[in-house]
Amino acid sequence: MKKKLDQILKKYHKRNENIIFLLQEVQESFGYIPREAIDYFARKLQIAPSKFYGVATFYAQFRLTPMGKNNITVCCGTACHVRGAERIISGLRRELGLDGENDTTEDGEFTLEEVACLGTCSFAPVVLVNGDVRGRANADRLVKEIRKMKKK
Amino acid sequence: MENNVVIRVCMGPAGIAAGGRDVLERFREALASAGLDASVKEHCSSHQVGCLGLCARDVLVEVHTDGQKHTYQYVKPDMVERIVTEHIAGGKPVSEWLVDDSFDAFYEKQVKVVLSHCGVLDPEDIDDYIASGGYEAIGRILKKCLPEMVIDEIKASGLRGRGGAGFPTGLKWELAREAAGDRKYMICNADEGDPGAFMDRAVIEGNPHAVIEGMMIGAFSIGASKGYVYIRAEYPLAVERLKLAIAQARKKGLLGKAILGTKFSFDIEIKLGAGAFVCGEETALIASIEGERGMPRSKPPFPVNRGLWQCPTVINNVETLANIPYIMRKGASWFASYGTEKSRGTKVFALTGKIRNTGLIEVPMGITLREILYDIGGGTESGKEIKAVQTGGPSGGCIPASMFDLHVDYESLAKVGSIVGSGGMIVLDEDDCMVNMARYFIQFTQAESCGKCVPCRVGTKRVLEILDRITQGRGRPDDIAKLERLCKGIKSTSLCGLGQTAPNPVLSTLKYFREEYEAHIIDKKCPARVCKALLTYWILEETCTGCGACRRACPAEAISGEKKKPHRIDPEKCIRCGMCYEVCKFSSVERE
Amino acid sequence: MVQITIDGKKIDVPEGITILEAARRNGIYIPTLCFHPRLTYFGGCRLCIVEVKGFLRPVTACTTTVNKDMEVNTSTAELEELRKLILELILSDHPHDCMLCEKAGACTLQELAYTYGVDGFQFAGERRRYSKRDGNPFIERDLEKCILCGRCVKVCREIQGVEAIDFGYRGFKAKICTNFEEDLDCEFCGQCVQVCPTGALTGKLWARKGRQMSLREVETVCPYCGTGCNITVHVNRNEIAKVTAREDSWNEGWLCVKGRFGYRFANSPERLTVPLIRKVPRGEGAPEKVEDLFREATWEEALDLVASRLLEIKEAHGPDSIAGLSSARCTNEENYLFQKFIRAVVGTNNVDHCARL
Ligand SMILES: Cc1cc2nc3c(=O)[nH]c(=O)nc-3n(C[C@H](O)[C@H](O)[C@H](O)COP(=O)(O)O)c2cc1C
Ligand code: SF4
Ligand code: SF4
Ligand code: FES
């Protein structure tokens, strides 16, 4: 990990970048922001770690815990809302057994994310399953797809 | 005849979502295997164009043969082969796949300025843009104009900011030009966080060089040598194309030091947003570029005086900037000939919701809502009446059908409690619940509040709680009065534009659709049958075939019944999720 | 100087100051919560809103600078209604436990709630709940009471330069956080406690030792170092309940961990209150019990002993066999007297001071 972090730091210095950039790069490399990364950067750059934490918790893009193996992203943009995104979410949460604010299943298999508009409103509701677009999605079909993925 | 064949596949966001890439690939393959390659290579180009407009009919494919244009709609990869053999090779268009007349009506009332080259030029090729007259304006300006002359021209055009507030662009530039300081910045706001809006994305994906040229002209006018584009990371294609465009411009000496042999130096850096709607607000955007939490600060001082790193800074929206090269090329009076006295030019809207022709449209300011909804939008798909249109996204309001003769411009929309905003336009019909709509937008702004100031941080939360209980059938008689007091207070005391406009969806629906609120609160009914908790579900015995689809779909095991016999829903167990309603193929599930 | 009008009164004020400063200098009251005179402005509580002619909506007095001929109204029916709403909102997300709160009686929020007659039940709804208690030894952080004014964050950054805390999360979930929300682990200067306008930050040592109305305030100087910070010792039944510093003192209200939290020696049962004289001479090994080593004495007896021993040494070995080392905790006057004593009475220049580095 240290090697990767050093590489990121080098880019940071070269481009005269900021904290957000560091966190984006870390997330890109590790899929989330490990605590060690923050501590390491804070020490190297003499920037308070609390500041990193403040920035990391402010922006929705950053995760402080690892993602599930499969990633399902439901668009909650206006058009998708009008066409039933909420029903899809509640259907999927029920299927995955997610409660409270959890977005990742306990076995680390699935992460369910909600995002603001994906910009493909004419196919609302839109869901991304591991990055692949499912236009005009419905809960029923997705639940079936998830069950298939679970079996594998 | 192959010599002049051009095939354009819509590769806008919607086009790609509908499988545009596959179609494009298939065209390449089919053309190659049909032996059309030798001459095709040279003349037959399949541009990866930006959005063509009528996204709902994606994938759209234009086939140009010898000056003739045919447009295919709903193209799937397996249709490509027939188009190639019958049309391109055989010269006979496949008539049943072509678009119909209503497709042309879609374009008649539109005036394309910003979008004029989207879908026409290859966004990944700077020469295409240059050949269309691009970078001509900046070249002329650098050689012949003083910054003040450019500012005067923009002022004369009457261009106002397309990012939301509608601030006169020329005036903004003038203020920044006059502000003291030798370092100044030009920022393009491409954060486009409004849910339901995607025009800035389309402009960048379809014509990134226009935005770059606009930034250059702005930078020259205010005296900036450094620019930033703050763009959402959720728009990977736009980012990619912008990067490419910047690299190409640098290579041509259009960005960098001593541009076109003049003293003017300017370069652009891309900053990726990290997922915070509030960062579209100017001061929060600046904080974010500086690497901080995106919390707005009080204005004044305004960014034109103290912006990025305390230096004078102009922040303009993508669409605003994309207008600039065209104004400088064709003249202020040409631009000002469109629109109304106070709102000049055209505006791009993203038409979504219950409307036949969803997608991006560009119309002259001052057009009526009716023209947009019926002539361009083609009314609803279902034939149901349009009840209202929501403009301006979470900062805007709902405008009822009785006001559809309203002219779309900054002042008129503000007068009825909405805004032009960034240009989202969501069409709602009788199946949409206005209380739920208001709740949805407040939920959005509440989740996006930065938390700095009390009215927005706590106030929007309380508004959401009240709307929650209303839509769940627990509304109280004094809730409407409470909502009004809260909303007015949040509007006038919040620190930034997010809080100041967040109550608009609630206030406008309270104003025009008060009876829907009352129905929820007093009668405990949702007239549009949207609010789940206010619905009851039952199965019609006469039409139920007993297929069992609903029984299997019901997550609460509330449905029972023998095979091939009518099923029954146990109202006690029913959690009102609506799954049965969705899965029944015989429309036997009723709800109220 | 520019002339402005506040509440119909024409006043001359220096250019560049804020409306709030202009008003305060002229005895005009504007309620504030997040504003602190020694920290950069924030503008988050929105209580200081005023009406300025020509502006569509109210502006915050703490962030807006005065302009020539500005016309300001600090209190209209509408403004007061808006302030009331803001307070209702703050209190709707605040525990209603003033009867138990350490800060009661000295709490800006409580005072404003009282003045505006607000209870916070009007918009009752979800409250932030934090179950984890910060385990640090000095500072109680009851963040359910926090109003996110940001003063603690700014004092930690701008005055102390430590940055142990920062804003975390956003919106309704916003919270003042340490790195990964661990227990506070900093210098414990307690500057944040000093500036917090609510009961969110209090001293752990103060808990249940008495609230403001039952405390007697004694102005004194911190005994720890030569800086000599002015402190206010709050005494309850002859016991120190807490130490604070006044903002109008030369140290501007700032203290360090020793001055603010290191006062418990004063009432410690182990503290020496009478002189002790050694019973067993040096070099003969120490007995088990302290009582067997020392005996209590009067000041007279003790000073006599010191004087006679010094004299003996001086006579036997000369004055240069004696050296004096003084303390930074003594006042200037005490240090002056001490060197005078060593030079003039003992007769040597062997005198030094622990802070003369
Ligand atoms: C909460 C909030 C979000 C905003 N989001 C955007 C945005 O996504 N894109 C944009 O161009 N302007 C946005 N704005 C408006 C900008 O603050 C700013 O007014 C605009 O970029 C100025 O450019 P213009 O004068 O060209 O319109 C937003 C404003 C607020 C208050
Ligand atoms: S209005 Fe909302 S988003 Fe804007 S500063 Fe206040 S809390 Fe932050
Ligand atoms: S802990 Fe106190 S000083 Fe810090 S933000 Fe909260 S209320 Fe303000
Ligand atoms: S004191 Fe001005 S906003 Fe808080």
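The values are calculated or read from the model by the stated rules, or taken from the named source; none is laboratory data. Predicted model, so just to flag it, every value in this text is computed and none were measured. FYI the Cβ positions are ideal-geometry reconstructions off the backbone, even for glycines, and counts take in every protein chain you see.
Do we find a residue being among the basic types (K, R), away from ligand 1 (no atom under 13 Å from the Cβ) and within 14 Å of chain C (Cβ to nearest Cβ) anywhere in the stretch B:300-317? There is at least one residue in the stretch B:300-317 that is among the basic types (K, R), away from ligand 1 (no atom under 13 Å from the Cβ) and within 14 Å of chain C (Cβ to nearest Cβ).
Of the residues making up the stretch C:317-357, those that are hydroxyl-bearing (S, T, Y) and loosely packed, with under 13 Cβ neighbours inside 10 Å are C:S321, C:T331, C:Y336.
If you check A:E36, A:E28 for being surrounded by fewer than 17 Cβ atoms within 10 Å (Cβ to Cβ), farther than 25 Å from A:V115 by Cα and within 22 Å of the chain's Cα centre (by Cα), only one passes: A:E36. You will find that of B:A274, B:A332, B:A287, B:A322, the residue that is without any contact (Cβ under 8 Å) to a residue 12 or more places away in the chain and either more than 16 Å from ligand 3 (Cβ to nearest atom) or of a type in the set (S, T, N, Q) (or both) is B:A287 and no other.
Going by the conditions given, is B:G196 more than 16 Å from ligand 3 (Cβ to nearest atom), in the same structural domain as B:K330 (by TED's automatic domain parsing) and either buried (at least 24 other Cβ atoms within 10 Å of the Cβ) or of a type outside the set (G, A, S) (or both)? Here the answer is yes, as B:G196 does meet what is asked. Every test in (1) within 16 Å of ligand 4 (Cβ to nearest atom); (2) surrounded by fewer than 24 Cβ atoms within 10 Å (Cβ to Cβ); (3) not small (G, A, S) is passed by B:K452 save one, and that test is (2).
Could you tell me whether the stretch B:260-277 includes any residue that is in a loop (DSSP other than H, G, I, E, B) and aromatic (F, W, Y)? Before you say what the answer is, go through the steps one by one.
Of all residues in the stretch B:260-277, those in a loop (DSSP other than H, G, I, E, B) come to B:262-265, B:273-276.
With aromatic (F, W, Y) added as a condition, the list becomes B:264.
Taking every residue of the stretch B:260-277 in turn, at least one turns out to be in a loop (DSSP other than H, G, I, E, B) and aromatic (F, W, Y).
Against the conditions (1) touching a helix residue (DSSP H, G or I) at 6+ places or on another chain (Cβ under 8 Å); (2) assigned by TED's automatic domain parsing to the domain that holds B:G67, where does B:L98 fall short? Just the number, please. Status for B:L98: all satisfied but (1).
Among the residues of the stretch B:455-483, just one is facing another protein chain (nearest Cβ under 10 Å), aliphatic (A, V, I, L, M) and free of Cβ contacts under 8 Å to residues at least 12 places away in the same chain, namely B:V458.
For the stretch C:80-100: of the residues being touching a Cys at 6+ places or on another chain (Cβ under 9 Å) and hydrophobic (A, V, I, L, M, F, W, C), which is nearest to B:S494 (Cα to Cα)? Only one residue tops the list, namely C:I86. The residue that is farthest from C:C192 (Cα to Cα), among those in the stretch C:234-249 that are surrounded by 14 or more Cβ atoms within 10 Å (Cβ to Cβ) and among the polar types (S, T, N, Q), is C:N236.
Yes/no matrix, rows are residues, columns are (1) within 22 Å of B:H520 (Cβ to Cβ); (2) away from chain A (no Cβ under 11 Å); (3) under 19 Å from the mean Cα position of the chain (by Cα); (4) crowded, with 24+ Cβ neighbours inside 10 Å:
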residue	(1), (2), (3), (4)
B:G383	no, yes, no, no
B:G393	no, no, yes, yes
B:P400	yes, yes, no, no
B:E411	no, yes, no, no
B:K415	no, yes, no, no
B:V420	no, yes, yes, yes
B:I426	yes, no, yes, yes
B:M434	yes, yes, no, yes
B:F441	yes, no, yes, yes
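Is it true that C:E15 is free of Cβ contacts under 8 Å to residues at least 60 places away in the same chain, away from ligand 4 (no atom under 14 Å from the Cβ) and closer than 20 Å to B:R485 by Cβ? So C:E15 does not fit the description; no.
Taking the numbered list (1) away from ligand 2 (no atom under 16 Å from the Cβ); (2) not in a helix (DSSP H, G or I) in turn, B:K299 passes all entries but (1).
Given the condition in a loop (DSSP other than H, G, I, E, B), at pLDDT 90 or above and either within 14 Å of chain A (Cβ to nearest Cβ) or under 28 Å from the mean Cα position of the chain (by Cα) (or both), answer yes or no: does some residue in the stretch B:169-188 qualify? No. Within the stretch B:443-459, if we keep just the residues that are in a helix (DSSP H, G or I) and within 12 Å of ligand 1 (Cβ to nearest atom), the residue that is farthest from the chain's Cα centre (by Cα) turns out to be B:C456. Checking each residue in the stretch A:1-12 for being surrounded by fewer than 16 Cβ atoms within 10 Å (Cβ to Cβ), modelled with pLDDT of 90 or more and not basic (K, R) picks out A:D6, A:Q7.
Among the candidates C:A124, C:A104, C:A77, C:A113, which residue alone is in contact with a helix residue (DSSP H, G or I) (Cβ under 9 Å, 6 or more places away or on another chain) and either in the same structural domain as C:K10 (by TED's automatic domain parsing) or more than 16 Å from ligand 3 (Cβ to nearest atom) (or both)? So that I can check it myself, show each step before the final result.
On the way: C:A104 fails: either in the same structural domain as C:K10 (by TED's automatic domain parsing) or more than 16 Å from ligand 3 (Cβ to nearest atom) (or both); C:A77 fails: in contact with a helix residue (DSSP H, G or I) (Cβ under 9 Å, 6 or more places away or on another chain); C:A113 fails: either in the same structural domain as C:K10 (by TED's automatic domain parsing) or more than 16 Å from ligand 3 (Cβ to nearest atom) (or both).
Residue meeting the stated conditions: C:A124.
Every listed requirement among (1) among the small types (G, A, S); (2) assigned to a strand (DSSP E or B); (3) surrounded by fewer than 24 Cβ atoms within 10 Å (Cβ to Cβ) is met by B:A350 save one, (3).
With respect to the conditions (1) closer than 23 Å to C:G161 by Cα; (2) in contact (Cβ under 8 Å) with a residue 12 or more places away in the chain, A:R63 falls short on a single one, namely (1).
Tell me which residues, restricted to the stretch C:53-78, are over 30 Å from the mean Cα position of the chain (by Cα), surrounded by fewer than 19 Cβ atoms within 10 Å (Cβ to Cβ) and more than 16 Å from ligand 2 (Cβ to nearest atom). If you could, list the steps in order and put the result at the bottom.
Initial filter on the stretch C:53-78 (over 30 Å from the mean Cα position of the chain (by Cα)): C:53-59, C:66-78.
If we keep only those that are surrounded by fewer than 19 Cβ atoms within 10 Å (Cβ to Cβ) as well, we get C:53-57, C:67-69, C:71, C:73, C:75-78.
Residues satisfying the conditions are C:K53, C:G54, C:F55, C:N67, C:K68, C:D69, C:E71, C:N73, C:S75, C:T76, C:A77, C:E78.
Evaluate the following for C:L56: is it more than 11 Å from ligand 4 (Cβ to nearest atom), within 12 Å of another protein chain (Cβ to nearest Cβ) and part of a loop (DSSP other than H, G, I, E, B)?
Details: more than 11 Å from ligand 4 (Cβ to nearest atom): yes; within 12 Å of another protein chain (Cβ to nearest Cβ): yes; part of a loop (DSSP other than H, G, I, E, B): yes.
Spelling it out, C:L56 is indeed more than 11 Å from ligand 4 (Cβ to nearest atom), within 12 Å of another protein chain (Cβ to nearest Cβ) and part of a loop (DSSP other than H, G, I, E, B).
Here C:I313, C:I277, C:I322 are screened, and the one residue that is free of Cβ contacts under 8 Å to residues at least 12 places away in the same chain and β-branched (V, I, T) is C:I313.
Rundown of residues vs (1) of a type in the set (K, R); (2) more than 16 Å from ligand 1 (Cβ to nearest atom); (3) within 14 Å of chain B (Cβ to nearest Cβ); (4) touching a residue at least 40 places away in the same chain (Cβ under 8 Å), yes/no style:
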residue	(1), (2), (3), (4)
C:C177	no, yes, yes, no
C:E187	no, yes, no, yes
C:V221	no, yes, no, yes
C:V243	no, yes, no, no
C:W254	no, yes, no, yes
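Checked across the stretch A:5-21, the condition of being aromatic (F, W, Y), within 29 Å of B:A197 (Cα to Cα) and not assigned by TED's automatic domain parsing to the domain that holds A:A137 holds for at least one residue. Pairs are defined by a Cβ separation below 9 Å, a sequence spacing of at least 6 or placement on different chains, a first member in the stretch C:131-156 that is more than 13 Å from every other protein chain (Cβ to nearest Cβ) and in a loop (DSSP other than H, G, I, E, B), and a second member that is of a type in the set (K, R) and more than 16 Å from ligand 4 (Cβ to nearest atom); the pairs so defined are C:R133/C:R141; C:D134/C:R141; C:N136/C:K204; C:P137/C:K204; C:F138/C:K204; C:F138/C:R260; C:D142/C:R133.
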